[in-house]
Amino acid sequence: KEFHGHRVVLAMHSTWFLKAFTNGLKESTANIIEIHDDDPEVFEIMLKFMYGGDYDAIASEYVSEDRKYLHVDVHQLADKYDVSELCEKAGRAFGKTFKTLKDTKDLENTIREYYDMAPRSQTTIGEVMAAAVLANPTFLKSKNIDQLIREFPNFATDLLIVQRS
């Protein structure tokens, strides 16, 4: 899919684009930048946000049962392109959804889904998940928590950081 954007808008919101446009390589002079491996819908959400859109309103156009991890996907794309304000908003939107999960299997699956893709700890979404887990005594007592901590060191780090703050 092809998207159109203004360099100044992209660079204003994204350190990644700022560097791409000013590094002296082909992206700094090309009229087209090819971006691969990103979900086109999620990229479109990021662009709409950069052009002054309200994240909650934009995301509501895309959220569906098939896209229940949309906020996670947006957060990860925004993190990749260093769009910090969008990271924060997607993380908070995800937090509203995640805090309502009570079933331990849903919690576990969501944690696995996120940390399978999470490149690092201390993200807004990681902190939201950790806080919700720490506030859920049933989940903390389950056998699954030990396995998740062993399997996902970033999750363990987020739990520790949130617990200590």
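The values are calculated or read from the model by the stated rules, or taken from the named source; none is laboratory data. These numbers come from a predicted model, not from an experiment. All Cβ positions, even for glycine, are placed from backbone atoms using ideal geometry, and neighbour counts span all protein chains on display. In case anyone asks, the SASA skips ligands and DNA or RNA and just uses the protein heavy atoms, side chains included. Shrake-Rupley method; radii C 1.70, N 1.55, O 1.52, S 1.80 Å.
Per-residue accessible area (protein heavy atoms, 1.4 Å probe) orders R164, R92 as R164, R92, starting from the largest.
Accessible area per residue for the chain is 59 Å², calculated with a 1.4 Å probe on protein heavy atoms, without ligands, DNA or RNA.
Of the solvent-accessible surface of the chain, computed with a 1.4 Å probe and all protein chains present, 50% belongs to carbon and sulfur.
The A135 and V8 beta-carbon pair, evaluated with R₀ = 41 Å, returns a calculated FRET efficiency of approximately 0.45.
Charge tally for K89 (other residues, Cβ to Cβ under 10 Å; Lys, Arg +1; Asp, Glu -1): -3.
Give, in nm to one decimal, the length gained when the segment between E27 and E44 is fully stretched (0.36 nm per residue of separation minus the Cα-Cα distance). Walk me through the numbers before you get to the answer.
Values: separation 17, 0.36 × 17 = 6.12 nm, distance 1.98 nm.
Extending this stretch completely gives an extra 4.1 nm.
Within the chain, what's the longest stretch lacking GluC sites (Glu not before Pro) that sit in DSSP loops with no more than 15 other Cβ atoms inside 10 Å? No qualifying site falls inside 62-165, the longest such stretch. A simple spin-label model places pseudo-atoms 7 Å from Cα toward Cβ; at I149 and K96 they are separated by 3.2 nm.
Given R₀ = 30 Å, what would the calculated FRET efficiency be for D82 paired with S142, taking r from the Cβ atoms and rounding to 0.05? Display every interim value, and only then the final one.
Values: r = 36 Å, r/R0 = 1.20.
My answer for the efficiency is 0.25.
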